[in-house]
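Heads up, the thing below is written out as structure tokens.
The values are calculated or read from the model by the stated rules, or taken from the named source; none is laboratory data. What you are looking at is a predicted structure, and each value in this text was computed from that prediction instead of being measured. Glycine gets a Cβ as well: all are built from the backbone with ideal geometry, and neighbour counts include every protein chain shown. Please note that ligands, DNA and RNA were not included when accessible areas were found on the heavy atoms of the full protein model with its side chains. Shrake-Rupley method; radii C 1.70, N 1.55, O 1.52, S 1.80 Å.
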Amino acid sequence: MDAAERRIELCQATEVAPGSVIKVEKEGLELAVFNVDGSFYVTDDHCTHGPGSLSDGFVDGDVVECNFHGGCFNIKTGEVVEPPCTIPIRTYRAEVENGAVFIFA
Ligand code: FES
């Protein structure tokens with residue numbers, strides 16, 4: 001659909017420990033990079049509910065809890081799993097190559 005899809009290098013995989021998340025700002029995007037059991041997932045960093053930053057949230061398996069009002073999203077799909085959030089978070093296709101995490105945006 002998007003002919004101008006870009007492949008963007010975000011960080012080194014070793015910067016994101018299993019079960020954790022870091023914030024990465026690249027090319028105008030503010031992103032949360034998650035390591036779920038050694039697999040990498042990337043979402044927008046801004047919570048869809050308000051001013052929360054998901055990279056400041058709490059990761060539990062494949063769910064991230066926003067530390068602002070406690071809303072939760074599925075890290076892999078972006079779906080809301082706990083209110084008060086109602087709008088899914090945007091997710092990005094991610095891959096690891098030569099130890100670096102990339103997304104397609
Ligand atoms: S800002 Fe994230 S739950 Fe309200």
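In segment 66-105, how many are open to solvent by less than 10 Å² (accessible area, probe 1.4 Å) and either of a type in the set (S, T, N, Q) or in contact with a Cys (Cβ under 6 Å, 6 or more places away or on another chain) (or both)?
3
Name the residues in segment 40-94 that are within 10 Å of the ligand (Cβ to nearest atom), assigned to a strand (DSSP E or B) and under 22 Å from Ile8 (Cα atoms), would you?
Those that are within 10 Å of the ligand (Cβ to nearest atom), assigned to a strand (DSSP E or B) and under 22 Å from Ile8 (Cα atoms): His46, Ser53.
Regarding Lys23, is this residue closer than 20 Å to Leu10 by Cα, open to solvent by 50 Å² or more (accessible area, probe 1.4 Å) and assigned to a strand (DSSP E or B)? Steps first, please.
Numbers: closer than 20 Å to Leu10 by Cα: yes; open to solvent by 50 Å² or more (accessible area, probe 1.4 Å): yes; assigned to a strand (DSSP E or B): yes.
Yes; evaluated as a whole, the condition is true for this residue.
Spot the failing condition for Phe40; the list is (1) open to solvent by 80 Å² or more (accessible area, probe 1.4 Å); (2) touching a residue at least 60 places away in the same chain (Cβ under 8 Å); (3) within 13 Å of the chain's Cα centre (by Cα), and only one is missed.
Against the list (1) open to solvent by 80 Å² or more (accessible area, probe 1.4 Å); (2) touching a residue at least 60 places away in the same chain (Cβ under 8 Å); (3) within 13 Å of the chain's Cα centre (by Cα), Phe40 comes up short only on (1).
Restrict the check to segment 10-27 and report whether at least one residue is at pLDDT 95 or above, within 16 Å of the ligand (Cβ to nearest atom), in contact with a helix residue (DSSP H, G or I) (Cβ under 7 Å, 6 or more places away or on another chain) and under 22 Å from Glu97 (Cβ atoms).
Checked segment 10-27: at least one residue is at pLDDT 95 or above, within 16 Å of the ligand (Cβ to nearest atom), in contact with a helix residue (DSSP H, G or I) (Cβ under 7 Å, 6 or more places away or on another chain) and under 22 Å from Glu97 (Cβ atoms).
Every residue in segment 48-65 that is hydrophobic (A, V, I, L, M, F, W, C) and open to solvent by 10 Å² or more (accessible area, probe 1.4 Å), please.
To start, the set of residues in segment 48-65 that are hydrophobic (A, V, I, L, M, F, W, C) comprises 54, 58-59, 63-64.
The answer is Phe58, Val59, Val63.
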